[in-house]
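Encoded as structure tokens, the structure appears first; notes follow it.
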């Protein structure tokens with residue numbers, strides 16, 4: 001028998017894990033679940049406000065994005081700007097912590113270093129410009145919905161970075177603010193809208209690294225994207241994984257997934273498909289080595305091997321291990337050259353074929 005979202009929120013609250021990862025298809029109820037969870041942990045009518053001195057939960061979801069909306073200048077069609085609905089959240093990020101530069105840096109990392117947000121002095125409007133050819137600047141452009149979502153995520157991520165750094169100071173009296181001393185949970189719902197695969201992986205790795213650094217906080221992350229889920233799965237420890245589904249009677253199921261039962265939403269088949277498509281189209285990039293390593297890790301875990309490298313070809317196991325380790329290094333700096341050498345491409349093809357030809361994978 002299914003449960004209400006409130007009951008599922010209670011399950012998440014009571015779990016003794018630092019990280020809870022939830023996979024669900026779009027439209028199932030991830031955003032509603034994040035609201036139920038917020039109301040369960042902090043039932044006061046605070047929404048996203050940071051004015052209460054005892055904040056217990058912060059969340060990122062579609063409601064966070066609603067704080068930002070467009071003025072398209074319909075009369076003149078010139079001065080297009082993204083308006084910010086000021087509240088405790090935005091005031092703290094922009095006015096008190098001065099996160100403008102960090103937000104711009106993160107936004108350009110995931111989009112383009114030629115696309116620049118400009119904040120006004122009151123921090124209630126953002127305009128955008130882009131560098132054209134011959135150093136030409138194109139002002140007052142309207143960015144895409146995906147880019148807008150990315151900007152909002154970068155605002156939240158900059159705040160989260162600041163919170164983690166603050167709470168990692170052991171002595172409360174030495175922290176720059178006591179505002180988050182009672183913070184217990186971070187609920188993040190789908191921060192990956194419209195990102196390409198390379199930047200999606202980078203975002204997941206960065207978030208995973210921040211989660212590992214965080215002391216005393218618990219994280220719930222929900223997503224509809226199997227690749228984002230898979231990378232975050234491999235980047236975090238002390239976790240539990242779920243599949244959220246909706247029944248015909250309007251109730252919900254939250255099924256815990258362990259080991260190879262994750263194939264009920266086909267992470268490994270999805271990774272296999274991405275790598276195969278890259279090989280077929282001769283479009284192998286550096287990040288495909290990370291996906292290949294993930295595929296080897298999941299296969300080794302299912303088969304009971306202590307190390308994923310045990311599945312590598314015996315004749316050059318040390319060499320192949322070094323190649324995958326180097327090309328799938330978790331920093332994933334956006335400044336590195338994404339195009340692998342021809343020899344590296346051939347190595348990926350060989351190791352992928354070696355894994356598949358052993359018949360570890362069957363079509364479902």
Residue that is modelled with the lowest pLDDT [pool: residues in region 238-286 that are touching a strand residue (DSSP E or B) at 6+ places or on another chain (Cβ under 8 Å) and more than 17 Å from residue 223 (Cβ to Cβ)]: 258
Leading residue by the ranking (nearest to residue 232 (Cα to Cα)) among those in region 186-204 that are at pLDDT 90 or above and in contact with a helix residue (DSSP H, G or I) (Cβ under 6 Å, 6 or more places away or on another chain): 204
Subset of region 285-317 [outside any helix (DSSP H, G or I) and either in the same structural domain as residue 230 (by TED's automatic domain parsing) or farther than 19 Å from residue 205 by Cβ (or both)]: 304, 305, 306, 307, 312, 313
Condition check for residue 76: surrounded by fewer than 16 Cβ atoms within 10 Å (Cβ to Cβ), in the same structural domain as residue 162 (by TED's automatic domain parsing) and within 20 Å of residue 156 (Cα to Cα): no
Region 326-353 - residue that is within 17 Å of residue 312 (Cβ to Cβ) and touching a helix residue (DSSP H, G or I) at 6+ places or on another chain (Cβ under 8 Å) and, of those, modelled with the lowest pLDDT: 328
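The values are calculated or read from the model by the stated rules, or taken from the named source; none is laboratory data. Bear in mind the structure is a predicted one, so any value in this text is a computation, not a measurement. Because the Cβ atoms are built from the backbone with ideal geometry, glycine has one as well, and the counts that use them run over all protein chains shown.
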